[in-house]
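Worksheet for the structure shown next.
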Amino acid sequence: MSINPPHPDRPLVFAYGLGVDSRAMLVEYGQRGIRPDLILFADTGGEKPETYQYLDVIRPYLSRAGFPEVTIVRYQPTRAVYYTLEDQCLHTGTLPSLAYGGKS
């Protein structure tokens, strides 16, 4: 079964967290014939080693499904003294905004 994306004139970008929910959604996309134009993984620098290792498992599936390769994006500081979300929290003495109800 093939389903058209809601806005076929716009690229379909998939935010992939490498967890079970986003993985299930990718599999469902494949079963429905929905092909993302871009798959992004925002690397905080503090994921468990198993999370990074899972990239080696999912890449063959994505290729077989005709999906694009996962594009990994990372924070590249120009002046900051930290490179990961964990480093920033330790440096500023705060938690990620999600802990306070934020979404950034």
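The values are calculated or read from the model by the stated rules, or taken from the named source; none is laboratory data. In this text, all values refer to a predicted model and were calculated from it rather than measured experimentally. In this analysis, Cβ positions are derived from the backbone assuming ideal geometry, glycine residues included, and neighbour counts consider all displayed protein chains. The protein model used for the area step is the full one, side chains on, heavy atoms only, and it has no ligands, DNA or RNA in it. Shrake-Rupley method; radii C 1.70, N 1.55, O 1.52, S 1.80 Å.
Spot the failing condition for residue 15; the list is (1) closer than 26 Å to residue 77 by Cα; (2) surrounded by 13 or more Cβ atoms within 10 Å (Cβ to Cβ), and only one is missed.
Looking at each condition in turn, residue 15 falls short on (2).
Please name all residue pairs, on different chains or six or more residues apart, with Cβ atoms under 8 Å, provided the first residue is in the stretch 32-48 and is among the aromatic types (Phe, Trp, Tyr) and the second residue is open to solvent by 30 Å² or more (accessible area, probe 1.4 Å).
Close Cβ pairs satisfying both conditions: 41/17; 41/71; 41/72; 41/73.
Residue 46: surrounded by fewer than 16 Cβ atoms within 10 Å (Cβ to Cβ), closer than 30 Å to residue 88 by Cβ, in contact with a helix residue (DSSP H, G or I) (Cβ under 6 Å, 6 or more places away or on another chain) and not charged (D, E, K, R), yes or no?
Values: surrounded by fewer than 16 Cβ atoms within 10 Å (Cβ to Cβ): yes; closer than 30 Å to residue 88 by Cβ: yes; in contact with a helix residue (DSSP H, G or I) (Cβ under 6 Å, 6 or more places away or on another chain): yes; not charged (D, E, K, R): yes.
Spelling it out, residue 46 is indeed surrounded by fewer than 16 Cβ atoms within 10 Å (Cβ to Cβ), closer than 30 Å to residue 88 by Cβ, in contact with a helix residue (DSSP H, G or I) (Cβ under 6 Å, 6 or more places away or on another chain) and not charged (D, E, K, R).
Pull up the stretch 70-84, narrow it to residues that are of a type outside the set (Ser, Thr, Tyr) and open to solvent by less than 70 Å² (accessible area, probe 1.4 Å), then point me to the one that is farthest from residue 53 (Cα to Cα). It would help to see each step written out before you state the result.
Of all residues in the stretch 70-84, those of a type outside the set (Ser, Thr, Tyr) come to 70, 72-74, 76-77, 79-81.
When the remaining residues are screened for being open to solvent by less than 70 Å² (accessible area, probe 1.4 Å), the result is 70, 72-73, 77, 80.
Numbers: 70: 13, 72: 14, 73: 16, 77: 25, 80: 28 Å.
Result: 80.
Name the single residue, out of those in the stretch 51-104 being β-branched (Val, Ile, Thr) and either touching a Cys at 6+ places or on another chain (Cβ under 9 Å) or closer than 30 Å to residue 31 by Cβ (or both), that is modelled with the lowest pLDDT.
51
Out of the stretch 24-39, which residues are under 21 Å from residue 103 (Cβ atoms) and either open to solvent by less than 50 Å² (accessible area, probe 1.4 Å) or touching a Leu at 6+ places or on another chain (Cβ under 7 Å) (or both)?
Within the stretch 24-39, the subset under 21 Å from residue 103 (Cβ atoms) is 25, 38-39.
Selection gives 39 alone.
Being within 30 Å of residue 95 (Cβ to Cβ) and surrounded by fewer than 10 Cβ atoms within 10 Å (Cβ to Cβ): is that true of residue 53 here?
Numbers: within 30 Å of residue 95 (Cβ to Cβ): yes; surrounded by fewer than 10 Cβ atoms within 10 Å (Cβ to Cβ): no.
So residue 53 fails the test.
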